[in-house]
Amino acid sequence: MCQETKLITKKNNGSKQISESYYVLKSDGQTKHGEYVSYFSVTKDKNKQLKKGTLKLENYIKQKGSYKNGKKDGEWVEYSRPNEIKAKGNYDNDKKAGIWLTSKEKGEVFVRFDYDSNKKLPPIFFMNVKYPRSAFESGLEGTVIVTFQTYTDCSISNITVTKSLSVDCDKAAIESIKEFGELLKNYGVDCEEKTETQEIKFVLN
C-alpha cells in the first residue's frame, strides 16, 4: 500500500534559498520516504534571479536521490559543482550496489567500482579539448582529425593532423591527445601498439 508523505523544505541560515527538499512519512513526520534533493548555495543576486524565474533551481542541484522507509534506494547522483557530476550509482537498502562512477581529473576520467563483485573496473575517459580563444572569438567550428601511434606502455608518438581546422585548433587537438596519453598511463590502462585516428570536434555551445 502507498504510504502518505509530506514535503519538507529547508533553507540556508540567513537566506531564503532552499538548501534541501525531501519527503517524510506522515505517520511519524521524520522517516524520509521519496525524492531527496539538496542544492548548492548561491549568491544573493542569483537567489533573486531564482525567485524571478530567470534562473532555475534544478541547475544548482548538489545531490539527488530517493529514500525508501528511511534508507537510500535507487539511483543517487552527487555534483561537485552545478551540472558537473562527482559520483553516480545505485543504493539498495542503504548500501551501494552495482557499478558506481566517480569523477576524477575535472571530469576527464570516471573511475568505476562494481560493489556487487567488489572489484575495480577499467575507467572511462573523456578527452578534454580547450577551445582556442581565437577560434571562439571568430565563431569558428569544425573538426580536426588526428592520427597517432600508441604503445603497450600507453605512450603516444607520431601525432599527425590529417584534417586541419586552424593553426590554433590543430595545436589544441594535439595537446589534448598528449594529455589523453598521460591519463592512460596514470590510470594503468592496458594499451595496445597500434595506429589510431581521432576526430576532435570544436563546437560552440
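Selection of region 15-60 for residues being aliphatic (A, V, I, L, M), more than 30 Å from Gln3 (Cα to Cα) and in contact with a Lys or Arg (Cβ under 8 Å, 6 or more places away or on another chain) yields Leu50, Leu55.
Looking at this structure, is Phe113 surrounded by 14 or more Cβ atoms within 10 Å (Cβ to Cβ), in contact with a helix residue (DSSP H, G or I) (Cβ under 8 Å, 6 or more places away or on another chain), assigned to a strand (DSSP E or B) and among the aromatic types (Phe, Trp, Tyr)? The answer is no for Phe113.
Within the option set Glu75, Glu20, being closer than 30 Å to Val189 by Cα, assigned to a strand (DSSP E or B) and charged (D, E, K, R) holds for one residue only, Glu75. Of the residues making up region 83-99, those that are in a strand (DSSP E or B) and closer than 26 Å to Ser41 by Cβ are Glu84, Ile85, Lys86, Ala87, Lys88, Gly89, Tyr91. Is at least one residue of region 180-200 under 24 Å from the mean Cα position of the chain (by Cα), among the small types (Gly, Ala, Ser), in a helix (DSSP H, G or I) and modelled with pLDDT of 95 or more? No, region 180-200 contains no residue that is under 24 Å from the mean Cα position of the chain (by Cα), among the small types (Gly, Ala, Ser), in a helix (DSSP H, G or I) and modelled with pLDDT of 95 or more. I want to confirm something. Restricting to region 11-25 and keeping residues that are at pLDDT below 95 and over 15 Å from Tyr60 (Cβ atoms), which single residue is farthest from the chain's Cα centre (by Cα)? Per the criteria, the residue is Gly14. All of (1) out of contact with any Cys (no Cβ under 7 Å at 6 or more places or on another chain); (2) without any contact (Cβ under 8 Å) to a residue 40 or more places away in the chain; (3) surrounded by fewer than 19 Cβ atoms within 10 Å (Cβ to Cβ) hold for Leu165 with one exception: (3).
Among residues of region 72-87 that are surrounded by 13 or more Cβ atoms within 10 Å (Cβ to Cβ), those with a Cβ under 7 angstrom from a residue that is acidic (Asp, Glu) and part of a strand (DSSP E or B), sequence gap 6+ or separate chain, pair up as Asp73/Asp92; Lys86/Glu78; Ala87/Glu78.
Checking each residue in region 112-150 for being touching a strand residue (DSSP E or B) at 6+ places or on another chain (Cβ under 9 Å), over 30 Å from Lys88 (Cα atoms) and of a type in the set (Asp, Glu) picks out only Glu141.
The values are calculated or read from the model by the stated rules, or taken from the named source; none is laboratory data. Treat the numbers as computed from the prediction; the structure is a model and nothing was measured. Because the Cβ atoms are built from the backbone with ideal geometry, glycine has one as well, and the counts that use them run over all protein chains shown.
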